[in-house]
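Undergrad: First the structure, then my questions, so here it is.
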Amino acid sequence: MSNTIVSSKIFSVAARVNFMRVLHVVGARPNFMKAAPLLRVLRSRGVVQILVHTGQHYSANMSEVFFSQLSIPAPDVNLEVGSGSHASQKAEVMLRLEPVVLDQKPDIVLVYGDVNSTVAAALVCSKIGVPVGHVEAGLRSFDRTMPEEINRLITDQISDLLFTPSADADVNLQREGISVEKIHRVGNIMIDSLVQLLAASRQCAKNGFPERYALVTLHRPSNVDDNQVLKNILEALLEINEELPIVFPVHPRTRQRIADFGIDVSALHLMDPIPYIEFLALESRATVVVTDSGGIQEETTFLNVPCLTLRDNTERPITTTLGTNVLVGRDNVMLRQEMTKILEGKAKKGTVPPLWDGRAAERIADVLKGQSGTAPICSTSGNLPRKEI
Ligand code: UD1
């Protein structure tokens, strides 16, 4: 299908926006804070919406609590795919989603981020000719051993509208041959949720937490699935803990691995995954955040909290060029050095990237509606002058 045909299909749909049916697919924890703002804005504009939860994340503390704190309506459909290998999880999403899309006949399906549910949903729709909009398009770590990188590459290739958070994402997409017509730089939608709930997070009690602490999150397969790698990281954290208490909400995958490998982390303050607002409170008050998450690199940049990322690469380079993020890989010496700088008050200073302003969802809604800001980024050179929106 040519780009022109795709675009005209989308925009003829957008022209009758009041009758537009938008189907959102979410599945895993990091999707929820990205979908919430857009669900809210589209609802306020009278758009008919159908919310599908794939059930990739199903525990109350990985899913339900986010729906309630982010005021996301209960899903219209829950595919209940649960956990499994990547192939089986994606296959189940595809098998169970296809009849829903055929039945609901949406004008467009919106998918979020880079999780297995995202690419599976995009594949279903691209095969049955339903336009797909990818929110948080264009991010690249250039590391194809990372499952999310494959999900991003495929989702972007088969999506019809690509909503990007920053200029680097536009460049990545164009380098991969994606037409500028499809690309809309709208800013970082996750920051919309953060902006909305930051005040609520400030109300959270400190619950006896120390004044200064390091907040840790860890769940990348490359960090937690290998016994020796995980041991090395935890040893470094145990050492840091003697100087700066570690607060560590543990992802289920990581909890399982710590148990499997029999590693003693009783000296650290471990807790179950925590809800969005409480996590924001811990994050914004932390002396430093040590993480391998993608979204947390962005949140700390916005909050101006130092972030040490336990990865060799990032699909969010703007957090290192403009923000507070430093990549320390799996180098315990570098982690210690960067930690010392922070404790000595010499943390890297950062600024908030352009369009991380809490209004990304409105810009996406404008694109869907075909109002101002609907024109795609316009450039054929690598320089990419930005379309003002
Ligand atoms: C998924 C995403 C990752 C995202 C992360 C956030 C993919 C490829 N990965 O990784 O990009 O950063 O979510 O959490 O989509 N489990 C539970 N309860 C749940 C969900 C999972 O206990 O609600 C456990 C299960 O044992 C499961 C394991 O966590 O096998 C991993 O879950 P899975 O969805 O496969 O991937 P994540 O590691 O969560």
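Undergrad: Name the residue, out of Val326, Val250, Val229, whose mean-square fluctuation peaks in a Gaussian network model built on the chain with Cα pairs under 10 Å.
TA: Result for the chain, Cα springs under 10 Å: Val229 fluctuates most.
Undergrad: Taking a cut-off of 36 Å, what percent of all Cα-Cα pairs in the chain are separated by more than that? Mind dumping the intermediate values first?
TA: Values: 15825 of 75466 pairs.
I get 21 percent for the Cα pairs in the chain exceeding 36 Å.
Undergrad: Using Cα positions and a limit of under 24 Å, work out the lysines in reach of Lys90, with same-chain residues fewer than 8 apart set aside.
TA: Filter leaves Lys34, Lys105, Lys127.
Undergrad: Translational diffusion coefficient, Stokes-Einstein: compute it for the range 171-257 using the Kirkwood radius over C-alpha pairs as Rh, at 4 °C and 1.567 mPa s, and state it as an integer in µm² s⁻¹.
TA: 76
Undergrad: Now for a different question. Only Cα pairs under 8 Å and at least 6 apart count here; give the relative contact order of the range 60-208 as a rounded whole percent.
TA: 16
Undergrad: Could you state the principal axis extents of the C-alpha atoms in the range 87-127, from the largest down, to the nearest angstrom?
TA: 26, 20, 13
Undergrad: A follow-up question, please. Okay, which of the range 65-108 sit inside 20 Å, backbone N to the point 7 Å along the Cα-Cβ direction of Arg255?
TA: Correct set: 65-69, 81-85.
Undergrad: Reachable aspartates and glutamates from Lys348, Cα under 14 Å, same-chain residues fewer than 8 places away excluded?
TA: Glu338
Undergrad: Aspartates and glutamates near Lys341 by alpha-carbon distance under 15 Å, same-chain residues fewer than 8 away left out - which ones?
TA: Glu243
Undergrad: Per residue, how much accessible surface does the range 260-300 expose to a 1.4 Å probe? Answer in Å², no decimals.
TA: 30
Undergrad: I'd like to know how the range 200-340 sits against the 2.2 N^0.38 Å rule of thumb: what's its Cα Rg over that expected value?
TA: Compared with the compact-globule rule of thumb, the range 200-340 sits at 0.98.
Undergrad: Pairs of alpha-carbon atoms within less than 8 angstrom and 6+ residues apart define the contacts here; what relative contact order does the chain have, in percent? Walk me through the numbers on the way to the answer.
TA: Numbers: 735 pairs, mean separation 63.5, N = 389.
Dividing the mean separation by the residue count of the chain yields 16 percent.
Undergrad: Then there's this: Comparing Asp107, Asp226, Asp331, which has the greatest mean-square fluctuation in the GNM of the chain with Cα pairs linked when under 10 Å apart?
TA: Judging by the Gaussian network model, the answer is Asp226.
Undergrad: Let me ask something additional. Regarding the range 260-343, what are the three Cα extents along the principal axes, ordered largest first, in Å?
TA: 38, 32, 26
Undergrad: Next up: Distance in nm between label sites at Asp272 and His86, each 7 Å beyond Cα in the beta-carbon direction?
TA: So the label points at Asp272 and His86 sit 3.0 nm apart.
Undergrad: Also, quick follow-up: Pairwise over distinct Cα atoms, reciprocal of the mean inverse distance: report the Kirkwood radius of the range 236-280 in Å, one decimal place.
TA: Taking every pair of different Cα atoms in the range 236-280, averaging 1/r and inverting gives 11.5 Å.
The values are calculated or read from the model by the stated rules, or taken from the named source; none is laboratory data. Nothing here was measured: the structure is a model prediction, and the numbers come from that model. Glycine also receives a Cβ, built like all others from the backbone with ideal geometry; neighbour counts cover every protein chain displayed. For accessibility, only protein heavy atoms count, side chains too; no ligands or nucleic acids. Shrake-Rupley method; radii C 1.70, N 1.55, O 1.52, S 1.80 Å.
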